């Protein structure tokens, strides 16, 4: 089931909304604490998603594409991370 916050992008959007609400200065303390906790959890989830994505990219880069290791070496020089 999609709860509306299951993708990386939607998690980032929610974090952005939380930051904006907290920066507004009009949030009551209890709500601010709850928002902070929610944002912290979302940030942890995003970090885990990024680590998984990085592992998948690393795995893909280490597999020769049809035995063409040279092509992967050329791509290594072009990847910005």
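The values are calculated or read from the model by the stated rules, or taken from the named source; none is laboratory data. Remember, it's a predicted structure, so these values are computed and weren't measured experimentally. Because the Cβ atoms are built from the backbone with ideal geometry, glycine has one as well, and the counts that use them run over all protein chains shown.
Which one of these is part of a helix (DSSP H, G or I), surrounded by 12 or more Cβ atoms within 10 Å (Cβ to Cβ) and modelled with pLDDT under 95: 22, 12, 72?
Every option except 72 fails the conditions.
Taking residue 42, is it in a helix (DSSP H, G or I) and at pLDDT below 95?
So residue 42 does not fit the description; no.
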